[in-house]
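Undergrad: Encoded as structure tokens, here's the structure I'll be asking about.
The values are calculated or read from the model by the stated rules, or taken from the named source; none is laboratory data. Treat the numbers as computed from the prediction; the structure is a model and nothing was measured. Methodologically, a virtual Cβ is constructed for each residue, glycine included, from the backbone with ideal geometry; neighbour enumeration extends over all protein chains shown. Side chains are part of the model used for accessible areas, which takes the heavy atoms of the whole protein and leaves out ligands, DNA and RNA. Shrake-Rupley method; radii C 1.70, N 1.55, O 1.52, S 1.80 Å.
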Amino acid sequence: MSASDEGIAAAAGYAPHPYVGGRTAAFRALAAWRMRWPGAPRVIVLTGNPGSGRSRLVTGFLMMCDPGYRKQLPLDDLDPATVPPDLPAPAVPNPSGRTAAQLLWVIADHFGLTADRADDIFPELAAREEPVTIVVPDVDRAGPVRAAQEPARLVRDVLKPLAATGTVQLLADVPRELAAELVEALPSGQAQIIDLDAPEWADPKGLVRHAETALDPGAGAPDLPFTTDAAVRRPLAEALAGRADGSRLTVQLAVQSLLLQPEGFDPADESLLPATVGEALDLHARRLGVDPQTLRLLLAPLAFAEGDGLPVQLWGPLANAVAGWDMSQDLADGMLLAAPFIQPVEPDVEGDADGEAAGAGDDDDRMLLRLQHPGIAEEIRSGLPDVRDAQTKIAMALLEAVPQQNWAKADPYIRDHLAAHTLEAGLLPQLLTDPGLFAHADPVTLRAAIEAVPLEQLGAPARTYLRTAPLLTRSQAPADVRAAFLESAFVEDGLAPYAEALHTLGFDLPWRTLWSVPLAGVRAVTAGSLPQEGGESTAAEPGPGTDGAGSGGEGPAPASGGPAPALRPVAAFVVPEGTPGSRTLPRPDGDASGDGGALLLHDLLRPGYVDADPAQVRLPSEEARAAAPFGFSRGADYLRVWARAGQEVVAALLSDTPLTGADLSPDGVLVVATERGVTARQILAAAPAAAPTVPAQRSGAADSAASDGLEGDHS
């Protein structure tokens, strides 16, 4: 199969694909792959230069693979060798904006796999009796952070293992620099690379048809001398395609420029036709009497934009920052100048996990703008003298746009994507000291940016965030709940000032973490109290949310008319024998089997172990527990505290390791043990409150490898 098939198809009278307008050779190869024709490869890697039409080709092929869409296509008029068989539609996981781990779980969910760990997905696919067909388009658009190189990770961690799985029939659209890596380990004959810019796959006639259709008033072009006259339109289309050297993007931009500003254009002058995307930018600017550098500087903020696009109100300040001077007048006069290269995007309001519309007055204010194609952004970035300097200026301008440096009031774009800009500027480690940003930023994008920084360059707060990020992405929780998880994590890692800062930033936190000890092997925990000799408690000050009277446990009755004995609230841990500071539990007479365990006492309200006889610990009475304002329930890796009065959940805790013990004192101090240690949290709710938005978690075995990826999105 080669480009010579185009001529054969035309000679036979077959119509071109109505959406793609050509690519007969590629369509024949894809159809043979889909029907598993003898000798056809099991894996096809589609590649080419930016703007070569890879995405359009895949879309056109998927039209013919979808049973519903096939009915709308004139399949009988097409070359039969280009039409795939009528089979169930293949799986088409979309990598745009997703991490490699997220995409892998999308695939697992599509096929209904039972794997709980990423490493189990490929063996489960390999064990299937029937082959599965997967098409992965637009790999170059993978990842929530452009500078984090997610396409390379996607190829390495997802596509290569899929390609090596014998039951998987894979078609992937990847950048040229990653194509060879994807197939290098496969046996001969199992894989094929289709490079749309290579001579054997080129489609010059299809590109002419593409240009002629774009110029045709019957297809929506305005009536102009070079569009209405077929004798002029056809030669112009041939000249455009010839100059563009196979780049559909160059042709598209050239036509849009001519249709938008036809004055002064001579279709017979080929010097006015671009050969590259860069020339399309520069020629358009010159035809409008503008310095091409002005156009490039205007578009530079959009070339660096992350996510779905840049909020329109940020375009001006960022253009000024990149240029180093006031471009407001250029921007005001430049709509016609920029129009062929940009497109508006409606914001995804539901995508704001916090439900905040900070800085978003009305729908018009939240309009996003982006460049029409990543190839335009690549061209603009490559033309700047110093990309890192440009990103530094953008990052500083975004920081200045945060009202009173309050992340709760910041535009969602700034909260979620500032880290991506500082990553490419080389400044991300300096940014990662703000607990407010940690809580407010989208955890998927912030985690992806931080993971792109070498671990040795990260400070302690950033490492704590990175450790906690799987919980944040897994729960898909709003900012208040993220702040609560981070508050505990900072205490666990000895960063109490960062935890305390979260209590000053306006978050409605469900608890205050009192202390945490790293202690392996804790089997159970209990909240109780110790009577103090001499009638004085060694706990000089009551803890937050307590009255200093202990946990309401049973103790010696006070003498008539005398003061109640002072009680010291404590937590008792059941730990392995030999744990420093513990006291062995007594065994029944004659029982010498195994490790009976030991008890270790810790102050309930503040850091510090207690050296006392565990036999003196008084447990709360059943009456005291029943009268307590809160109760709790737990699963393998989650726990909920609820108000007895209204049965409303007031706190929800999620752990990345299994819970091994938990207890709640009548005064509302929650003590939780996991495989890593024990942490005490004072529940702050004074009355029934709205339940935090944390989804119900599975009640089976916890995923102990949650930190390896985004398994929580799966669960």
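Undergrad: Does the stretch 532-539 contain at least one residue that is open to solvent by 70 Å² or more (accessible area, probe 1.4 Å), closer than 27 Å to Pro658 by Cα and modelled with pLDDT of 50 or more?
TA: No: zero hits.
Undergrad: When residues of the stretch 36-54 are filtered for being out of contact with any Lys or Arg (no Cβ under 9 Å at 6 or more places or on another chain) and open to solvent by 10 Å² or more (accessible area, probe 1.4 Å), how many remain?
TA: Total satisfying the criteria: 6.
Undergrad: Out of Val570, Val517, Val525, Val491, which single residue is surrounded by 13 or more Cβ atoms within 10 Å (Cβ to Cβ), β-branched (Val, Ile, Thr), over 30 Å from Glu648 (Cβ atoms) and modelled with pLDDT of 95 or more?
TA: When all the criteria are applied, what remains is Val517.
Undergrad: Please state which of the following conditions Gly112 fails to meet, knowing it meets all the rest: (1) on the phi < 0 side of the Ramachandran plot; (2) surrounded by fewer than 19 Cβ atoms within 10 Å (Cβ to Cβ).
TA: With respect to (1) on the phi < 0 side of the Ramachandran plot; (2) surrounded by fewer than 19 Cβ atoms within 10 Å (Cβ to Cβ), Gly112 is out only on (1).
Undergrad: While we're on this one: Just to be sure, is Gly550 modelled with pLDDT under 95 and either under 25 Å from Leu684 (Cα atoms) or assigned to a strand (DSSP E or B) (or both)?
TA: Yes: the conditions hold for Gly550.
Undergrad: Regarding the stretch 92-104, can at least one residue be identified that is of a type outside the set (Gly, Ala, Ser), under 23 Å from Met35 (Cα atoms), open to solvent by 50 Å² or more (accessible area, probe 1.4 Å) and modelled with pLDDT of 95 or more?
TA: yes
Undergrad: So, one more: Given the conditions (1) surrounded by fewer than 23 Cβ atoms within 10 Å (Cβ to Cβ); (2) of a type outside the set (A, V, I, L, M); (3) closer than 26 Å to Arg146 by Cβ, report the number of the one that His503 does not fulfil.
TA: (3)
Undergrad: Right, another one. Only one residue in Gly68, Gly60 is out of contact with any helix residue (DSSP H, G or I) (no Cβ under 7 Å at 6 or more places or on another chain) and open to solvent by 20 Å² or more (accessible area, probe 1.4 Å). Which one?
TA: Just one listed residue meets the conditions, Gly68.
Undergrad: Can we say Pro317 is in contact with a strand residue (DSSP E or B) (Cβ under 7 Å, 6 or more places away or on another chain), open to solvent by 10 Å² or more (accessible area, probe 1.4 Å), outside any strand (DSSP E or B) and under 25 Å from Asp416 (Cα atoms)?
TA: no
Undergrad: Let me ask something else about it. Within the stretch 486-500, can one find any residue that is farther than 28 Å from Val570 by Cβ and touching a Pro at 6+ places or on another chain (Cβ under 6 Å)?
TA: No, the stretch 486-500 contains no residue that is farther than 28 Å from Val570 by Cβ and touching a Pro at 6+ places or on another chain (Cβ under 6 Å).
Undergrad: Considering only the stretch 65-80, state which residues are assigned to a helix (DSSP H, G or I), under 16 Å from Leu30 (Cα atoms) and more than 40 Å from the chain's Cα centre (by Cα).
TA: Listed by number, the list holds a single entry, Pro80.
Undergrad: Return only the number of the condition from (1) hydroxyl-bearing (Ser, Thr, Tyr); (2) out of contact with any helix residue (DSSP H, G or I) (no Cβ under 9 Å at 6 or more places or on another chain); (3) at pLDDT below 95 that Thr114 does not satisfy.
TA: It is condition (2) that Thr114 fails.
Undergrad: I'd like the full set of residues that are over 19 Å from Ala425 (Cβ atoms) and touching a helix residue (DSSP H, G or I) at 6+ places or on another chain (Cβ under 6 Å), limited to the stretch 382-406.
TA: Pro403
Undergrad: Looking at (1) loosely packed, with under 15 Cβ neighbours inside 10 Å; (2) at pLDDT below 90, can you tell me which one Gly597 breaks?
TA: Unmet condition: (1).
Undergrad: Taking Pro558, is it open to solvent by 30 Å² or more (accessible area, probe 1.4 Å) and at pLDDT below 65?
TA: It is true that Pro558 is open to solvent by 30 Å² or more (accessible area, probe 1.4 Å) and at pLDDT below 65.
Undergrad: More than 24 Å from Pro374 (Cβ to Cβ), open to solvent by 10 Å² or more (accessible area, probe 1.4 Å) and either basic (Lys, Arg) or at pLDDT 90 or above (or both), is that true of Trp33?
TA: When the stated conditions are applied, Trp33 does not pass them.
Undergrad: Does Leu87 count as at pLDDT below 95, among the aliphatic types (A, V, I, L, M) and either assigned to a loop (DSSP other than H, G, I, E, B) or in contact with a helix residue (DSSP H, G or I) (Cβ under 9 Å, 6 or more places away or on another chain) (or both)?
TA: In short, yes.
Undergrad: Does the stretch 339-355 hold any residues that are modelled with pLDDT of 90 or more, out of contact with any strand residue (DSSP E or B) (no Cβ under 9 Å at 6 or more places or on another chain) and either closer than 29 Å to Asp442 by Cβ or open to solvent by 20 Å² or more (accessible area, probe 1.4 Å) (or both), and which are they?
TA: The answer is Ala339, and nothing else.
Undergrad: Please return the ranges of helices (runs of 4 or more DSSP H) entirely within the stretch 435-488 where 3 or more residues are without any contact (Cβ under 8 Å) to a residue 40 or more places away in the chain and in contact with a Phe, Trp or Tyr (Cβ under 9 Å, 6 or more places away or on another chain).
TA: 443-451, 460-475
Undergrad: With respect to the numbered conditions (1) among the charged types (D, E, K, R); (2) at pLDDT 95 or above; (3) open to solvent by less than 60 Å² (accessible area, probe 1.4 Å); (4) within 26 Å of Ala237 (Cα to Cα), which one is the sole condition not fulfilled by Arg287?
TA: In the conditions (1) among the charged types (D, E, K, R); (2) at pLDDT 95 or above; (3) open to solvent by less than 60 Å² (accessible area, probe 1.4 Å); (4) within 26 Å of Ala237 (Cα to Cα), Arg287 misses (2) alone.
Undergrad: Being of a type in the set (D, E, K, R), within 20 Å of Gln343 (Cβ to Cβ) and out of contact with any strand residue (DSSP E or B) (no Cβ under 7 Å at 6 or more places or on another chain) is true for just one of Arg234, Arg248, Arg243, Arg209. Which residue is that?
TA: Arg248
Undergrad: Could you please find all residues in the stretch 610-626 being in contact (Cβ under 8 Å) with a residue 40 or more places away in the chain and either open to solvent by 30 Å² or more (accessible area, probe 1.4 Å) or hydrophobic (A, V, I, L, M, F, W, C) (or both)?
TA: Scanning the stretch 610-626 gives Val610, Ala612, Gln616, Val617, Arg618, Leu619, Ala624, Arg625.
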